[in-house]
Every structure is written in C-alpha cells, then in structure tokens.
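Accompanying notes for the structure given below.
The values are calculated or read from the model by the stated rules, or taken from the named source; none is laboratory data. What you are looking at is a predicted structure, and each value in this text was computed from that prediction instead of being measured. Methodologically, a virtual Cβ is constructed for each residue, glycine included, from the backbone with ideal geometry; neighbour enumeration extends over all protein chains shown. What goes into the accessible areas is simple: the full protein's heavy atoms, side chains included, and nothing from ligands, DNA or RNA. Shrake-Rupley method; radii C 1.70, N 1.55, O 1.52, S 1.80 Å.
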Amino acid sequence: FSRVEAGRLEARYCETNIAKHTLELVSNFESMAKSFGLNFIIDIPNHQEFERKLKQKVFLDLDLYEKIVFNLCSNAFKYTWRGSVTVRLYTDIKELKEVVVFEVEDTGVGISPEHLSNLFQRFYRIESHQARSHEGTGIGLALVKELATRHGGDIEVESHVDVGSKFKIWMPTGYDHLPLKNVIIESSGDMHDGIGDNREKHLYSSLDLYLDESKHWIQDEPKFNDISIQQNITLADEQTAIKSLQSLNLSSPITDSITSTSRTSPFLSEKCTDSDKSALILIVDDNTDMRNYLSNVLKTEFKVQCATDGRDALGIIQNKKIHPDLVLSGMY
C-alpha cells in the first residue's frame with residue numbers, strides 16, 4: 001500500500017498463459033490441503049484449449065497476480081476445517097467485455113452479512129475463534145482488491161455463516177484497459193506461463209511466506225480436534241472455568257513447586273526431564289511467533305501448554321482438566 005500511495009508501484013503487464021500459470025500457483029497448496037485433511041479441487045481447463053477459446057490474450061503483472069492467488073487460497077485454508085477448497089478459472093462477460101474469472105470457494109466458517117460491506121476496507125478485521133490463526137493486519141483482502149483494480153478488474157464475494165465463502169476476481173482480456181506505457185508486447189512465442197518469470201527477486205518469495213505461515217497453522221492444530229468444542233463453550237462453562245482458575249491460588253509464589261534447578265537461569269541449567277518439571281505454565285497469546293518463542297524458552301524447565309486466546313485457554317483447562325501454576329498472557 002505504501003508503494004501504491006507513493007506512486008512507486010510500477011506494474012508491468014505481459015501476455016500470459018493464465019491457465020497454465022494459475023495451475024502452477026495453486027498446485028503449491030496441495031500439500032497443505034493434505035495436511036488439513038481437506039479436499040482440494042482444482043477446476044482449471046487445459047491451458048491450450050483455454051487459450052484457443054479466448055477472444056483476446058490475457059495481460060498480467062505476474063507478481064501482482066501471484067499475490068492475488070496466494071492471498072485468496074491462503075484465506076480459504078485458514079478458515080476451512082472440514083470439507084473442501086475449490087479453485088476455478090473460466091471466462092465470462094462483464095459490461096459486454098470478455099473477462100477471465102479466478103474463483104476460490106470453500107466450505108469454511110463463512111462471513112456474517114454485517115461484515116461483507118466492509119470486507120475490503122483497509123485494516124478491517126473480523127474476529128473469529130474458528131480461524132487457524134488469530135493474527136493479521138486486516139489488509140490482505142484490501143490489497144487483493146487494489147491489485148485486481150490495477151488489472152482493470154474487481155473482486156466479488158458471496159458468503160454464508162457455517163456454509164462457506166466464494167471469492168471471485170475478474171479481469172478483462174486484452175490491454176486496452178491498461179496504461180499502455182506499462183504494457184510489454186512480446187514477440188510471438190514469448191508468452192509468459194510460469195512462476196519463474198516473476199521480475200522481482202527477493203530473499204523470500206510470496207510463496208515462501210504464505211507456505212511458512214501455513215506451517216504454523218499445522219503445528220498449532222487444536223489438540224481436541226473438534227473445533228465445535230471451542231465454539232460451543234457456554235457462559236456457564238466459562239464461569240465454571242473461571243472459578244476453577246480462581247481456586248488455583250495463582251497469587252502464591254510459583255517457586256514452591258519448582259525444582260531447585262529451576263531457580264537458576266533457564267538458559268544456563270541442564271535440560272530437565274518431564275519428571276523434573278513440576279510447574280505447569282499456560283501461555284496465552286494470539287501471535288504464533290511469540291507463543292513459539294515463549295514455549296521454547298520455558299519448556300526446558302517447565303511443563304508448557306499454549307492457547308491462542310482466552311476462550312481457547314478456558315477450553316483447554318476445561319477439556320484437559322489441567323491446573324496451571326501460572327497463566328502467562330498477552331494484554332488485550
């Protein structure tokens with residue numbers, strides 16, 4: 001966004017075999033789908049047949065289109081616990097013009113109607129206890145809309161709570177809608193069709209960043225697999241769990257239950273076995289990196305449990321019947 005606002009985002013549109021390129025991009029999510037036990041349906045036509053049916057060629061900025069695809073696919077897996085994620089590519093007509101549509105549909109948690117009108121606003125976040133991750137800046141979908149607009153297109157969404165969501169990006173074919181100074185007309189046979197054609201070389205590619213985030217989701221899968229357990233905690237359940245916490249006498253010095261080696265610096269003492277770890281610490285933080293860091297530091301000396309937020313923590317306490325000696329929580 002800072003590059004857009006400063007006028008430094010110089011898109012470069014080149015003729016692209018969009019079917020082949022899209023297939024290569026979305027195929028990177030197959031291992032993620034397998035890890036989550038989800039059906040991943042790729043409904044993309046044969047790229048040669050797709051090209052023959054087009055009335056005009058497709059011109060894309062490969063970097064920007066890559067961000068669109070990765071963002072939408074990543075979101076679908078983030079909010080889908082059961083069922084499937086489906087990606088489609090097809091042609092349509094918008095305002096009497098031929099357009100190419102990239103569509104991502106999931107059977108996830110869905111979005112309530114009151115949020116839909118603000119969904120593509122910058123920094124607009126929807127708090128959901130059914131997401132695989134609770135962190136985020138609220139700029140992903142706003143960025144997708146901006147990048148689609150840069151291609152002369154737009155984004156649409158249909159969503160129903162507990163049914164799923166469908167996001168559709170559409171972009172006109174040809175290049176009359178694009179700034180001519182940014183259009184690259186290649187000689188015949190030079191059509192771009194692969195990820196390797198991206199012009200910018202970074203230490204980490206967009207693919208690396210999105211797939212690295214998904215690794216955190218996999219390792220943070222709830223221990224009690226049925227997510228409905230978390231979602232269905234009633235007010236009475238919460239009050240019971242809170243009373244349980246209050247009865248733990250957390251104000252008393254934790255050192256009474258810690259072995260003598262634990263009183264020294266945890267960075268200097270030898271690694272303890274599980275039998276040596278008598279104190280249990282419950283870490284509550286919605287930031288994956290912070291949770292992992294604290295857990296790695298503390299688990300050499302203590303038993304450690306992690307939760308993503310207060311509701312998750314109450315669910316763990318209630319379902320696992322644990323009694324933490326210390327609850328270490330971020331400030332909300």
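For the stretch 322-332, indicate whether the set of residues that are closer than 14 Å to Ile281 by Cα, in a loop (DSSP other than H, G, I, E, B) and open to solvent by 40 Å² or more (accessible area, probe 1.4 Å) is non-empty.
Checking the stretch 322-332: at least one residue is closer than 14 Å to Ile281 by Cα, in a loop (DSSP other than H, G, I, E, B) and open to solvent by 40 Å² or more (accessible area, probe 1.4 Å).
Just one of Val101, Val85, Val69 is part of a strand (DSSP E or B), touching a residue at least 12 places away in the same chain (Cβ under 8 Å), aliphatic (A, V, I, L, M) and buried (at least 22 other Cβ atoms within 10 Å of the Cβ); which is it?
On inspection, the qualifying residue turns out to be Val85.
Looking at Ile93 and the list (1) of a type in the set (A, V, I, L, M); (2) over 23 Å from Gly110 (Cβ atoms); (3) open to solvent by less than 60 Å² (accessible area, probe 1.4 Å); (4) part of a strand (DSSP E or B), which single condition is not satisfied?
The single condition Ile93 does not satisfy is (3).
Would you mind telling me which numbered condition in (1) touching a strand residue (DSSP E or B) at 6+ places or on another chain (Cβ under 7 Å); (2) modelled with pLDDT of 90 or more; (3) of a type outside the set (Ser, Thr, Tyr) Asp176 fails?
Among (1) touching a strand residue (DSSP E or B) at 6+ places or on another chain (Cβ under 7 Å); (2) modelled with pLDDT of 90 or more; (3) of a type outside the set (Ser, Thr, Tyr), Asp176 violates only (1).
Is it the case that Ile41 is at pLDDT 95 or above, among the hydrophobic types (A, V, I, L, M, F, W, C) and loosely packed, with under 15 Cβ neighbours inside 10 Å?
Here the answer is yes, as Ile41 does meet what is asked.
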